[in-house]
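Novice: Have a look at this one before I ask anything.
Each reported figure results from applying straightforward, stated rules to the coordinates on display, with no laboratory input. Everything numeric in this text was worked out from a predicted model, so none of it was measured. Positions of Cβ are generated from backbone atoms using ideal geometry, with glycine treated the same way; all protein chains shown enter the neighbour counts.
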Amino acid sequence: MTAVLVVNSGSSSLKYQLIETDTEEVLAKGLLERIGQVQGVATHTTPDGEWTMEPALPDHGAAFDAMTRAFEEHGPTGLAGLVTAVGHRVVHGGARFFAPTLVTPQVEKDIDELAEYAPLHNPANLAGIRAALAAFPDVPHVAIFDTAFHQTMPPEAYTYAIDAAVAEKYRIRRYGFHGTSHKYVSEKAAAFLGTPLEETRTIVLHLGNGASACAVRGGESVDTSMGFTPLQGLVMGTRSGDLDPAVVFQLARFGGLGLDELDDLLNRRSGLKGLTGSADLRDVRRNADAGDEAAQVALDVYCHRIKHYVGAYLAVLGGADAIVFTAGVGENSPLIRERSLAGLEGLGIEIDAERNASAERGERRISTDASRTAVLVLPTNEELEIARQTVSALAA
Ligand code: AMP
């Protein structure tokens, strides 16, 4: 038996999954939180149970030590013999990386340089890579970039209409994110419909804490709602999504806000949190049901923005074979699905209320049989996609 260790390293947390290479079975998964603080929290889950620990997690290296100990204590044991490769999620690959890439000292340097575009994410991803290289020095490490899938976007979709020389100098363009999920889910959609991927047009709505829409034609991203950074596009848990850039000038000029405050406002204190006080859609829903007007408005804004992108991508694709909901909100909220696509019957999009409300899990169709565009709920699995891409990159 061999396995791929999938690592998703954030600034204060580290998620991992150990995935068996042939069967794709999850042998173990875990989450280490509060890295950088004296007292961390960790959970380790295997088919035999779940364990919670409170290791000291001063840095990412300590997090890897804690992870290794969790494997030794709760299994599967013999990790060194089991793991044949490590796959790492990296948020920003800029215009440099468009495929899974074997980590070399030069690749580490490049990821470090790209931190300029993703100051919150890339340094944390790199800290995870370096700690993993120290913990597993004898196996290949592969970097899988969130931006990679979107490198197929045409210039008209990725170009911002600003001074071309300035854009060129600072590499300002749309990059797009959540690529691993959009790729996985759009391939699932073609398989679900039984149509060849090359002939399938899909709109993927990845609605989690972060959220983005993607227009996929023939298995390739042709447009996506996130932009230069993951701040653009849909309303998110704490991010504003689309905004007139002049709002930033206004707040700086008249509100006296500095760059860091603006960054904090738009990335961490906006979206559902800014509108209602809570970033969790379940709270917003509960409050809206209880008559809270701000929460009701937030749901309206959230769904309106999704509908706006669905319309845009129907036009970009010239119609869609499937609209797919995925991630935390997309997979679990019939209300958001229903309201985002309400009134689109004239465009051949018709949700079946009963199918949409069903407590059924897993892959399912929620549109009526007459709906020209199929509306699907397809659970995403970014870890599995990273494991698959890691294996195929090494086989190539
Ligand atoms: P993700 O980033 O994919 O893990 O999604 C996380 C988000 O999914 C949370 O912030 C919740 O707002 C949302 N979520 C999870 N479960 C539900 C649910 N049952 N109904 C509505 N939203 C949910």
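Novice: Are there any pairs, at least 6 apart or on different chains, whose C-beta atoms fall under 6 Å, with the first in region 204-215 and closer than 11 Å to T238 by Cα and part of a strand (DSSP E or B) and the second within 11 Å of the ligand (Cβ to nearest atom) and hydrophobic (A, V, I, L, M, F, W, C), and if so, which?
Specialist: Matching pairs, first to second residue: A211/M236.
Novice: With a cut-off of at least 2 residues that are in contact with a Cys (Cβ under 9 Å, 6 or more places away or on another chain) and free of Cβ contacts under 8 Å to residues at least 60 places away in the same chain, name the strands (runs of 3 or more DSSP E) lying wholly within region 25-95.
Specialist: none
Novice: In region 258-295, which residues are among the basic types (K, R) and within 17 Å of V235 (Cβ to Cβ)?
Specialist: Result: R268, R269, K273, R282, R285.
Novice: Considering each residue of region 239-278, count those that are within 16 Å of the ligand (Cβ to nearest atom) and of a type in the set (D, E, K, R), and give that number.
Specialist: 4
Novice: Still on this model: For region 110-141, enumerate the residues that are of a type in the set (G, A, S), surrounded by 16 or more Cβ atoms within 10 Å (Cβ to Cβ) and part of a helix (DSSP H, G or I).
Specialist: A115, A124, A127, G128, A131, A132, A135
Novice: Need pairs with beta-carbon distance below 8 Å; first residue at positive phi and within region 260-283, second outside any helix (DSSP H, G or I); sequence gap 6+ or separate chains.
Specialist: G271/V235; G271/M236; G271/G237; G271/T238; G271/R239; G271/S240; G271/G241; G271/A279
Novice: Follow-up question, since we're still on this one. Restricted to region 285-294, and to residues that are more than 8 Å from the ligand (Cβ to nearest atom) and either of a type in the set (S, T, N, Q) or in a helix (DSSP H, G or I) (or both), which residue is surrounded by the fewest Cβ atoms within 10 Å (Cβ to Cβ)?
Specialist: Among those residues, the one meeting the criterion is E293.
Novice: Something else: Please verify whether V235 is touching a strand residue (DSSP E or B) at 6+ places or on another chain (Cβ under 9 Å) and within 16 Å of the ligand (Cβ to nearest atom), treating the condition exactly as stated.
Specialist: Yes, satisfied.
Novice: Another one. Is it the case that region 178-189 has a residue that's part of a loop (DSSP other than H, G, I, E, B), of a type outside the set (D, E) and either out of contact with any Gly (no Cβ under 7 Å at 6 or more places or on another chain) or under 16 Å from H92 (Cα atoms) (or both)?
Specialist: Scanning region 178-189 turns up at least one residue that is part of a loop (DSSP other than H, G, I, E, B), of a type outside the set (D, E) and either out of contact with any Gly (no Cβ under 7 Å at 6 or more places or on another chain) or under 16 Å from H92 (Cα atoms) (or both).
Novice: Just to be sure before I move on: is T2 in contact with a helix residue (DSSP H, G or I) (Cβ under 8 Å, 6 or more places away or on another chain), at negative phi and of a type in the set (S, T, Y) in the structure I sent?
Specialist: Yes, satisfied.
Novice: Quickly run through region 328-364 and pick out the residues that are under 30 Å from K15 (Cβ atoms) and either more than 16 Å from the ligand (Cβ to nearest atom) or in a loop (DSSP other than H, G, I, E, B) (or both).
Specialist: S333, S358, A359, E360, R361, G362, E363, listed by residue number.
Novice: Quick check, is V107 crowded, with 17+ Cβ neighbours inside 10 Å, of a type in the set (A, V, I, L, M, F, W, C) and touching a residue at least 40 places away in the same chain (Cβ under 8 Å)?
Specialist: Spelling it out, it is not the case that V107 is crowded, with 17+ Cβ neighbours inside 10 Å, of a type in the set (A, V, I, L, M, F, W, C) and touching a residue at least 40 places away in the same chain (Cβ under 8 Å).
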